[in-house]
Amino acid sequence: MQILLLSGGSGKRLWPLSNNSRSKQFIKLLNSPDGQKESMVQRVIRQLGESDLKGHVTVATSLSQADVIYNQLGEYIDVVVEPERRDTFPAIALAASYLKYEKSCADEEVVVVMPCDPFTEAGYFKVIEQMVHAVDDNVADLVLMGITPTYPSAKYGYVVPDELKLKGGIFSVKRFTEKPNVATAEYLIKENVFWNGGV
C-alpha cells in the first residue's frame, strides 16, 4: 500500500501565523505525546505510524514547501515536487505517475490519497483501513471518505450517496456538488449527504 499525502495551500487560513512560505501544516502548535511541540504534518506521520496502516509514505508538494517537509520529516520520506502549483488533481496525477514509473508500483496496488494536515484521532485512520479493505475485497475500485455534515457549509464539497448500500457502510455515489452556496448546502443536508473528506 502507498500513502500519498497532499501538502499544498498558500497559508492564508491562520494568517498571520501562516503565510506563503509557512503554511499552517508546518507550524508547531500541537502537543506531541513526549511533551514537545509538533506540526500537523509531523502529527499525521506519527499517527500513521501508530495506526495499522502499513504503507510507504510519499508527500506531493510545491517547490516552496519541499525544504520544510524534509526539515520536519527527514530524508526518509519520498517527496514529489510540482514544478508549479496547479491544485489537487494535477498533484495527484503527478504523484501517481511517480509511484508507477519511479517506484514501480503495480497497477493493483492500493493508493491512499489524503491531506497532510487532518486534525483527527485514531478513529479517522480506522475508517481509512476500512476503505483500504473495501478496495482489497473488490467492493469498489475507488472509495471516498464521507463525513456527516454538522452544518451547511460552503467550504466543503458534498457527496450525494445513491440509495444502494454496498458493504460495510459503503454507498455508491449518485453525484458530487463542489462547494455549494449555503442555501444549496442547506438543501443538500436534507438529502443525507456527506462532506467530501478529501481521502
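Some points to look at:
- The calculated 222 nm mean residue ellipticity attributable to helices in the chain amounts to -9000 deg cm²/dmol, summing -39500 (n - 2.57) over DSSP H runs of n ≥ 4 and dividing by all residues.
- The loop-placed trypsin sites (Lys or Arg not before Pro) in the range 136-190, going by DSSP, that have at most 12 neighbouring Cβ atoms within 10 Å of their Cβ come out as LYS155, LYS167, LYS190.
- Residues THR61, THR120 arranged by fewest to most Cβ contacts within 10 Å: THR120, THR61
- Cα shape, the range 16-78, gyration tensor, a/c 1.5 rule: oblate
- Of all DSSP beta bridges in the chain, antiparallel share, percent nearest 5: 45 percent
- Residue order, fewest to most beta carbons within 10 Å, for SER64, SER39: SER64, SER39
- Pairwise Cα distances in the range 144-199 exceed 15 Å for 39 percent of all pairs.
- The range 94-199 shape via C-alpha gyration tensor axes, a/c threshold 1.5: prolate
- Placing unit charges on the Cβ atoms of the charged side chains and taking the dipole of the chain about its Cα centre, the candidate lying farthest along the positive direction among THR177, PRO16, GLN36 is PRO16.
- Beta bridges per DSSP with both ends in the range 1-113, % antiparallel, nearest 5: 20 percent
- Pairs of Lys in the chain closer than 12 Å at Cα, counting only those 8 or more apart or on different chains: 4
- The range 2-141 pair-distance distribution - Cα-Cα, 5 Å bins, rounded %: 2, 9, 19, 21, 22, 15, 8, 4, 1, 0
- Kyte-Doolittle mean at least 0.0, axial Cα span of 18 Å or more - DSSP H helices of the chain: 88-101, 122-136
Only the coordinates and a few stated rules stand behind these numbers; no lab work does. Remember, predicted model here, so these are calculated numbers, not experimental data. Please note: Cβ atoms are built from the backbone with ideal geometry, for glycine as well, and neighbour counts cover all protein chains shown.
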